[in-house]
Amino acid sequence: MSKSAIVVGAGIAGLTTANALLRCGWDVQVLERSPEARTTGAGIVLLANGLRGLDAAGVGDAVRAVGERTYPGTLRDGAGRTLVHVSPEQIAARFGTVAIAFHRPSLQAALLGGLGDLAVTYGASAVAVDPGDTARPATVTLEDGSTLSADLVVAADGVRSRLRSAIVPDAAEPVYVGSTTWLAVLDNPGVTEMSQTWGPGGEFGLITLGDGRLYWYGTQVGPVGRPTGDPAVDLAAARAAFAGWHAPIPEVLAATRPEQLQQLDLYGFPKPIPRMAGGRVALVGDAAHAMPPNVGQGGGQGIEDAVVLAASVSGADSVVEGLADYDRVRRPRTAGVLRSAWASARFGEQLGNPALVGLRNAALSVVPARLMLDGMARFASWTPPALPIIR
């Protein structure tokens, strides 16, 4: 008899988990508190580790079909001078693939497509979970008071997870990382190369998407609470924050319309949580390790979680034993990535002292591309475990 799983959250980590569990023969139910699937959003870039994880979950070909082959490209200073450049050939030779950029709604639609006849239940807000034990299933309580039980519950409900406290009541809550970010997707005004720019107290990224559009993000250090909720006001703030930065940044900002923009304050865990599973409940993605976006691994680590979780619980004698193995494998990995993300934030966008910025830029300008690849290899060289494929 097949085992049952409830996945709470239909983001990238949750949908990848659902696909991986289905592939291993589980009966899966996906709950999403939003009333419908998202059709708007920003972009995301996945390196080789995330792409390998999607392959293991059985959806690699489908997601590649909606992405744009890209690569880290050029890191510049605020004046536009090249600090480090990595070619696509170097990326492909080192990791077997270049990175791929996605419009998030397109990526999520491809993951939804992998579920086949399984329908996501939208408007289902999970507010609590009883983790169960070796003798009892886990039970999810919904906002309307109803309950659902399963052999496994996966909390993929994001940085503000309502289910996390049942597993880690002693975990530090996510904190403001010190930066706000603006994000937009628009018709590409002529950008041809992915690039990042590090200026004093800020960062700006340009990423081409495969449908003729451009994804850009900008981050700036400052106090919490700057997004106003008025896109026109927030766009004006972005234009002011990056005024004087090198071309084509001002041109891209000028081409952006308010309705294409969102601004968010960034939150992450100040330190790794003490466990990622308990009873019959597992935490995946941002619910387990929300981090600053500076190493580009938020999505990739959620995908890794999904595949390791499916392998662990499908190959164990019991769900509880499998989750213990999942925690043992994933927690050291995600803790290291979390620490790297905070360190990169301090070295990158959060460095504001002009003298220190100058020293950093001088050091980066003499770094050979292979050392940048070595740094990427800490994340991108991950290989997924084999899944016991049934479907």
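Yes/no per residue for (1) under 30 Å from Gly25 (Cβ atoms); (2) outside any strand (DSSP E or B); (3) in contact with a His (Cβ under 8 Å, 6 or more places away or on another chain); (4) β-branched (Val, Ile, Thr):
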site	(1), (2), (3), (4)
Leu51	yes, yes, no, no
Asp55	yes, yes, no, no
Gly58	yes, yes, no, no
Val63	yes, yes, no, yes
Leu75	no, no, yes, no
Ala79	no, yes, yes, no
Ala92	no, yes, no, no
When you scan region 343-353, do you find a residue that is within 21 Å of Ala57 (Cα to Cα) and touching a residue at least 24 places away in the same chain (Cβ under 8 Å), even just one? no
Candidate set: region 89-139, residues that are without any contact (Cβ under 8 Å) to a residue 40 or more places away in the chain and under 22 Å from the mean Cα position of the chain (by Cα); chosen: the one surrounded by the fewest Cβ atoms within 10 Å (Cβ to Cβ): Ala92
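Does Ala238 satisfy the condition of being under 30 Å from Glu68 (Cα atoms) and crowded, with 21+ Cβ neighbours inside 10 Å?
yes
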Take the residues of region 1-49 that are closer than 26 Å to Ile100 by Cβ, part of a strand (DSSP E or B) and of a type outside the set (Val, Ile, Thr): which is nearest to the chain's Cα centre (by Cα)? Leu46
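In region 186-204, which residue that is charged (D, E, K, R) and surrounded by fewer than 21 Cβ atoms within 10 Å (Cβ to Cβ) is farthest from Gln262 (Cα to Cα)?
First, pick out the residues of region 186-204 that are charged (D, E, K, R): 187, 193, 203.
Adding the requirement that they be surrounded by fewer than 21 Cβ atoms within 10 Å (Cβ to Cβ) leaves 187, 193.
Values: Asp187: 16, Glu193: 23 Å.
The selected residue is Glu193.
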Testing Arg69 on (1) modelled with pLDDT of 95 or more; (2) part of a strand (DSSP E or B), one condition comes back false. Which one is that? (1)
Out of everything in region 329-347 that is farther than 26 Å from Ala311 by Cα and touching a Gly at 6+ places or on another chain (Cβ under 8 Å), what residue ends up being most open to solvent (accessible area, probe 1.4 Å)? Trp342
Given (1) part of a helix (DSSP H, G or I); (2) touching a residue at least 40 places away in the same chain (Cβ under 8 Å); (3) open to solvent by less than 20 Å² (accessible area, probe 1.4 Å), index of the condition Gly322 fails: (2)
Any residue in region 230-242 that is modelled with pLDDT of 95 or more, of a type in the set (Phe, Trp, Tyr) and under 24 Å from Pro189 (Cα atoms)? yes
Could you grab the pairs with beta carbons closer than 8 Å, sequence gap of 6+ or different chains, first residue in region 294-306 and closer than 20 Å to Ala277 by Cβ, second one among the acidic types (Asp, Glu)? Gly298/Asp286; Gly302/Asp286
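The values are calculated or read from the model by the stated rules, or taken from the named source; none is laboratory data. This is a predicted model, so every value here is computed, not measured. Cβ: placed from backbone, ideal geometry, glycine included. Neighbour counts: every protein chain shown. We work out accessible area using only protein heavy atoms, side chains counted, and drop any ligands, DNA or RNA first. Shrake-Rupley method; radii C 1.70, N 1.55, O 1.52, S 1.80 Å.
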